[in-house]
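Visitor: Could you have a look at this structure, given as structure tokens, before my questions?
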Amino acid sequence: MHIHRYERWWLGFGVGMLLVFLVLLAIAAFSSDINPPSGLGQIDPTKVAQTAPFDHPGLRKLPNGAYEAYYVAHVFAFEPARLTIPVGAKVTFYVTSSDVVHGFFIPYTDVNMMAIPGWVNQETHTFSTPGHYLLICNEYCGIGHQDMFAKIEVR
């Protein structure tokens, strides 16, 4: 089979560009420390309700004054549905899912994660402004997705 000289050149150019893009993507991922979740954040999605601390989701105060908030996402709700956090509190959110992939997004903050069955995701935020914050699922999870939310009160 004969491939024309220009076709070979464009084919080589396309493959070369693909390799350049892949190398640049790898460099960007390593320099930004972007990694897949580690095995330390794994959980059996069929036993979330029996696995501590997700068996009693909610807010916990640490000895250093910071807080940990444990959330379980399931069709079509977050547990706990309401949370009260003191103003100025540094909160680390831990979230997992017991069924399908859900989003975990608190508008006007930098908290935006995915709740993936089998994985525990975490994000830290300091609530410096009092008010009511809405926690919403921003990943389509089924027919009741639009009703999946929770409320956080900062006072």
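Each reported figure results from applying straightforward, stated rules to the coordinates on display, with no laboratory input. Just so we're clear, the structure is a prediction, and the values are computed from it rather than from any experiment. Positions of Cβ are backbone-derived with ideal geometry, glycine not excepted, and every protein chain shown enters the neighbour counts.
Visitor: Which one of His74, Gln146, Gln122 is farthest out on the positive end of the charge dipole of the chain, using unit charges on Cβ (Lys, Arg +1; Asp, Glu -1) and the Cα centre as origin?
Guide: Gln122
Visitor: For the chain, what does the helix formula give at 222 nm: sum of -39500 (n - 2.57) over DSSP H segments with n ≥ 4, over the residue count, nearest 500 deg cm²/dmol?
Guide: Rounded to the nearest 500, it is -6000 deg cm²/dmol.
Visitor: Let me ask something additional. How much length would be gained if the chain were fully extended between Arg5 and Glu153, taking 0.36 nm per residue of separation minus their Cα-Cα distance, in nm to one decimal? Present the calculation step by step, with values, prior to reporting the outcome.
Guide: Values: separation 148, 0.36 × 148 = 53.28 nm, distance 6.72 nm.
The span from Arg5 to Glu153 would gain 46.6 nm if fully extended.
Visitor: If the only charges are +1 at each Lys and Arg Cβ and -1 at each Asp and Glu Cβ, what is the size of the charge dipole of the chain around the Cα centre, to the nearest 20 debye?
Guide: 240 debye
Visitor: Quote the Stokes-Einstein diffusion coefficient, in whole µm² s⁻¹, for the chain, based on the Kirkwood radius over alpha carbon pairs, a temperature of 4 °C and a viscosity of 1.567 mPa s.
Guide: Answer, rounded: 72 µm²/s.
Visitor: Now for a different question. Identify the chymotrypsin sites (Phe, Trp or Tyr not before Pro) of the range 98-155 meeting these criteria: DSSP loop state and at most 10 other C-beta atoms within 10 Å of the C-beta.
Guide: In loop regions of the range 98-155 (DSSP not H, G, I, E or B), the sparsely surrounded chymotrypsin sites (Phe, Trp or Tyr not before Pro) are Tyr108.
Visitor: Which residues does a label at Arg60 reach in the range 93-112, if reach means a backbone N under 16 Å from a point 7 Å past the Cα toward the Cβ?
Guide: Once the point is set 7 Å along Cα→Cβ of Arg60, 93-96 turn out to lie under 16 Å by backbone N, inside the range 93-112.
Visitor: Further question on the same structure: Order 60-67, 93-100 from most to least packed using the mean count of other Cβ atoms within 10 Å.
Guide: 93-100, 60-67
Visitor: If you don't mind, another one. For the chain, take the longest principal axis of its alpha carbons; what is the angle in degrees between that and the long axis of helix 5-31, to the nearest 10 within 0 to 90?
Guide: Tilt of helix 5-31: around 30 degrees.
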